[in-house]
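Below is one structure, written out as structure tokens; the observations come after it.
The values are calculated or read from the model by the stated rules, or taken from the named source; none is laboratory data. This is a predicted model, so every value here is computed, not measured. Cβ coordinates were reconstructed from backbone atoms using ideal geometry, including for glycine residues, and neighbour counts include every protein chain displayed.
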Amino acid sequence: MARHRSTQTTAPGSALRYLTAGVFGTAMVGAGVALAVTPDAESPSTVRMDVRLASTDSTLPPECLAGAGAGDGCATFVGSGGAAPLALISANPALRPMIGPGGWLIGDGLDAAEDCEGNACRGGNGGLLWGNGGDGLYGYDGGNAGLFFGDGGDGGDGLDAQYRPAAGDKLAATDGGNGGRGSLFGNGGNGGRGGDDDNTLDSDVAENNDAEAGWGGDGGRGGLFGGTGGTGGAGGNATSDNGNAIGGDGGYGGDSSNSRGGDGGAGGEAISLGGNADGGWGGDGGNSAGGDGGTGGDGGQATGLLEGTEAIGGRGGDGGSTILGDGGDSGRGGDANSLDGDAAGGQGGDGGTASTGNGGAGGQGGNGESVEGDAYGGDGGAGGNVGTLGTGGQGGDAGDGRVNTGGLSDSGGDAVGGTGGNGGRGGIVLGNGGDGGDGGDATLPNLPGGKGDATAGLGGIGGSGGIGGQAGEDGEDGTTNRSDASESDG
């Protein structure tokens, strides 16, 4: 499983609460009015908004980041003119019509207003019987769909990190919101994108120079009788001039009962001029019971630009698993590039498993390329296993390791190809095993410039077959090579 934290939590909608009021309230005079003013008592979404200080200055209030305006005390942060206080309009108001936009019985949930504050930035829920969920804003969740028909709303994109360099204050990037749940026949909403972090600080406290982007929100769950899971949001990008950079992880794809699981979000890119760079991990694909698993998201690329910077590509997300259907293919590992440090491509994700159906393919490993340091190709991901009937997934090909000076300098860096992923096991009845992935190549500059060692990657092992089935073929080993500047593909 890819490393993924869940920072937004939304209480499930209480259909029983509405049904109780709607059924038994009809015997009372004025029941419609009573229902229309019933407040939405769902728990508020929790959004990560860490505050990191690069000096002894006081923290900045979170409301300085949200909406079109800012509260008191934000004038030096948002501009000399300041702004009006934030509006408190909610997409889930206490007073709701019965039918129409925002209707509690039939109607689409309201989208969050641009000048929303706090939990008012959550998308409105669709009507009890019918309606799409509204879209969230500023990293808050999308609204849930109605009971029978409607799609979940999309989660809002996270906020970018904000800085006040003169005082050394920082408000961290926030995660994207989760997609809303679909109706019984509806699709889950998509997760929001994580916020970016572009850190140009040059603080005496090393950790204050780091950049960490927000994570993508998870896709919403698809309906019980139909409807795909929502797509996970992409992780934000991180750039640091004088510290480490960590790209945001992609969100998980939403699960589905009888349709396809949602795809995982891509990991964010990381670029560092004076520290290490870690690409974000791709989100896992959503699972399904009676449909195909979702595809895992690709890992983010990592780039280190100055002396001694290490770059590590993000791991690809795993493919979603299923009971009846094909396992989802996994995401590719992110590439890594470094000028004067080591570079390691990200590992490919593992293919999704299937009980009856074919296993998902393992993801390709990312390539690693360095000028002065060592270069490592990422390992390919394993193919998904099959339980009863079906072919195991193919293992992912490994990434290449390449030391590339462009013919301008000598380098003692080593080049190491990644190992190919193993093929998945075939179903117990007539199932064939998946083929193993190929090992990665290792390439050094022509002599006398390339003074390091080159080690080719091994091919993956083919998956075993079931009764009456055949084992998969092993992947081919990589090769070692020498190249001059004219042959460079980096």
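For the condition under 25 Å from Phe225 (Cα atoms), surrounded by 24 or more Cβ atoms within 10 Å (Cβ to Cβ) and under 26 Å from the mean Cα position of the chain (by Cα), Gly156 does not qualify. Looking only at residues that are farther than 22 Å from Asp453 by Cβ and of a type outside the set (Gly, Ala, Ser) in region 371-386, which one is surrounded by the most Cβ atoms within 10 Å (Cβ to Cβ)? Among those that are farther than 22 Å from Asp453 by Cβ and of a type outside the set (Gly, Ala, Ser), it is Val386.
Every condition in (1) surrounded by 17 or more Cβ atoms within 10 Å (Cβ to Cβ); (2) at pLDDT 70 or above; (3) among the small types (Gly, Ala, Ser) holds for Ala66 except the one numbered (2). Only residues that are surrounded by 15 or more Cβ atoms within 10 Å (Cβ to Cβ) and at pLDDT 50 or above were counted across region 481-490, and they come to 2. Annotation note: of Thr239, Thr228, the sole residue that is on the phi < 0 side of the Ramachandran plot, in contact with a strand residue (DSSP E or B) (Cβ under 8 Å, 6 or more places away or on another chain) and not in a loop (DSSP other than H, G, I, E, B) is Thr239.
Here's a check for you: in region 268-320, which residue that is β-branched (Val, Ile, Thr) and either closer than 21 Å to Gly380 by Cα or in a loop (DSSP other than H, G, I, E, B) (or both) is modelled with the lowest pLDDT? That would be Thr309. Of all residues in region 384-434, count the ones that are of a type in the set (Asp, Glu) and more than 28 Å from the chain's Cα centre (by Cα). Here the count works out to 2.
The conditions of being touching a strand residue (DSSP E or B) at 6+ places or on another chain (Cβ under 6 Å), among the small types (Gly, Ala, Ser) and at pLDDT 95 or above are not met by Gly380. Restricting attention to region 227-256, and to residues there that are of a type outside the set (Val, Ile, Thr) and closer than 17 Å to Ser203 by Cα, which single residue is nearest to the chain's Cα centre (by Cα)? Among those residues, the one meeting the criterion is Ala245. From the list Ala302, Ala343, Ala354, the one residue that fits, being in contact with a strand residue (DSSP E or B) (Cβ under 8 Å, 6 or more places away or on another chain), more than 30 Å from Thr200 (Cβ to Cβ), crowded, with 24+ Cβ neighbours inside 10 Å and of a type in the set (A, V, I, L, M), is Ala354. If I filter region 133-145 for residues that are of a type in the set (A, V, I, L, M), in contact (Cβ under 8 Å) with a residue 24 or more places away in the chain, surrounded by fewer than 23 Cβ atoms within 10 Å (Cβ to Cβ) and in a loop (DSSP other than H, G, I, E, B), do I get at least one hit? Looking through region 133-145, none of the residues is of a type in the set (A, V, I, L, M), in contact (Cβ under 8 Å) with a residue 24 or more places away in the chain, surrounded by fewer than 23 Cβ atoms within 10 Å (Cβ to Cβ) and in a loop (DSSP other than H, G, I, E, B). Scanning region 387-409 for residues that are surrounded by fewer than 24 Cβ atoms within 10 Å (Cβ to Cβ), modelled with pLDDT under 95 and of a type in the set (A, V, I, L, M, F, W, C) returns a single hit, Leu408.
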